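Read through the structure below, which is laid out as structure tokens, and then see the notes.
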Amino acid sequence: MANRGPTYGLSREVQEKIEQKYDPDLEQRLVDWIVGQCGGSLERPQTGRENFQKWLMDGTILCRLINSLYPRGKEPIKKILETQMAFKQMEKISQFLQAAEAYGVTTTDIFQTVDLWEGKDMAAVQRTLMALGSVAVTKDDGHYRGDREWFHRKAQGYRREFSQEQLRQGQSLIGLQMGSNRGASQAGMTGYGMHRQIM
């Protein structure tokens, strides 16, 4: 943890708003998933934001989590060393984030290393873990362990293939965004400057 004093004024208000986004119920679901995914030898943390942060802070559990989503021998993080050196722990968090992005988590869902290391935005850490769980459930490759109801499936792309004939037919149609020409005629129209003759 960085040696920072308390925040005041606007900085304090911003930090309080960030802290309000943290979900204690989601924390329990994520802990259940991580323990189940990584194996039973993992020790559960006490409940609470600070305990959750300390549990994940050294990066070891995160690295084990991402490795458990790959088949044996194909793990993205080869060596997971348990160390007390701060820069090594932050490096493991960065390795997890890179591996999570390579796994399919979108860049906008990935937290910054300091969000976890300094406990600045633990809600962002929760969002990343939720996104990782969603990608794992969506891939459905047999490596996800846990309740499938904990995470939502991501939408899959549906690619449509059209023949050349179908594409040619579509060129002669007027799209609905442009309106319709059905029932249109020039009956009753007069040129500019001419008065309408009523019969």
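The values are calculated or read from the model by the stated rules, or taken from the named source; none is laboratory data. Computed from a predicted model, the values in this text were never measured in an experiment. With ideal geometry, Cβ positions are generated from the backbone for all residues, glycine too; neighbour counts draw on all protein chains shown. Just the protein is used for accessible areas: all its heavy atoms, side chains included, with ligands, DNA and RNA removed. Shrake-Rupley method; radii C 1.70, N 1.55, O 1.52, S 1.80 Å.
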From the set of residues in the range 80-109 that are open to solvent by 70 Å² or more (accessible area, probe 1.4 Å) and of a type in the set (A, V, I, L, M, F, W, C), which is farthest from residue 55 (Cα to Cα)?
102
For the range 40-62, enumerate the residues that are open to solvent by 10 Å² or more (accessible area, probe 1.4 Å) and either part of a loop (DSSP other than H, G, I, E, B) or among the aliphatic types (A, V, I, L, M) (or both).
40, 41, 42, 43, 44, 45, 46, 47, 48, 57, 58, 61
Which number in (1) open to solvent by 60 Å² or more (accessible area, probe 1.4 Å); (2) polar (S, T, N, Q); (3) closer than 25 Å to residue 23 by Cα marks the one condition that residue 37 misses?
(1)
Regarding the range 95-104, can at least one residue be identified that is free of Cβ contacts under 8 Å to residues at least 24 places away in the same chain, among the acidic types (Asp, Glu) and under 18 Å from residue 69 (Cα atoms)?
yes
Of the criteria (1) modelled with pLDDT under 75; (2) within 30 Å of residue 68 (Cβ to Cβ); (3) open to solvent by 100 Å² or more (accessible area, probe 1.4 Å), which one residue 149 fails:
(1)
Counting only residues that are of a type in the set (A, V, I, L, M, F, W, C) and touching a residue at least 60 places away in the same chain (Cβ under 8 Å), the range 15-59 contains a total of 8
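Which helices (runs of 4 or more DSSP H) does the range 63-180 wholly contain that include 3 or more residues that are over 19 Å from the mean Cα position of the chain (by Cα)?
86-103, 164-171
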Going by what's in this entry, would residue 105 be described as of a type outside the set (S, T, N, Q) and within 24 Å of residue 144 (Cβ to Cβ)?
yes
Filter the range 65-79 for residues that are at pLDDT below 90 and closer than 21 Å to residue 112 by Cβ; which is most open to solvent (accessible area, probe 1.4 Å)?
76
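Scan the range 116-133 and give yes if some residue there is more than 21 Å from residue 18 (Cβ to Cβ), open to solvent by less than 40 Å² (accessible area, probe 1.4 Å) and in contact (Cβ under 8 Å) with a residue 24 or more places away in the chain, otherwise no.
Filtering the range 116-133 down to residues more than 21 Å from residue 18 (Cβ to Cβ) leaves 133.
Applying the additional criterion that residues be open to solvent by less than 40 Å² (accessible area, probe 1.4 Å) yields 133.
Filter once more, keeping what is in contact (Cβ under 8 Å) with a residue 24 or more places away in the chain: 133.
Taking every residue of the range 116-133 in turn, at least one turns out to be more than 21 Å from residue 18 (Cβ to Cβ), open to solvent by less than 40 Å² (accessible area, probe 1.4 Å) and in contact (Cβ under 8 Å) with a residue 24 or more places away in the chain.
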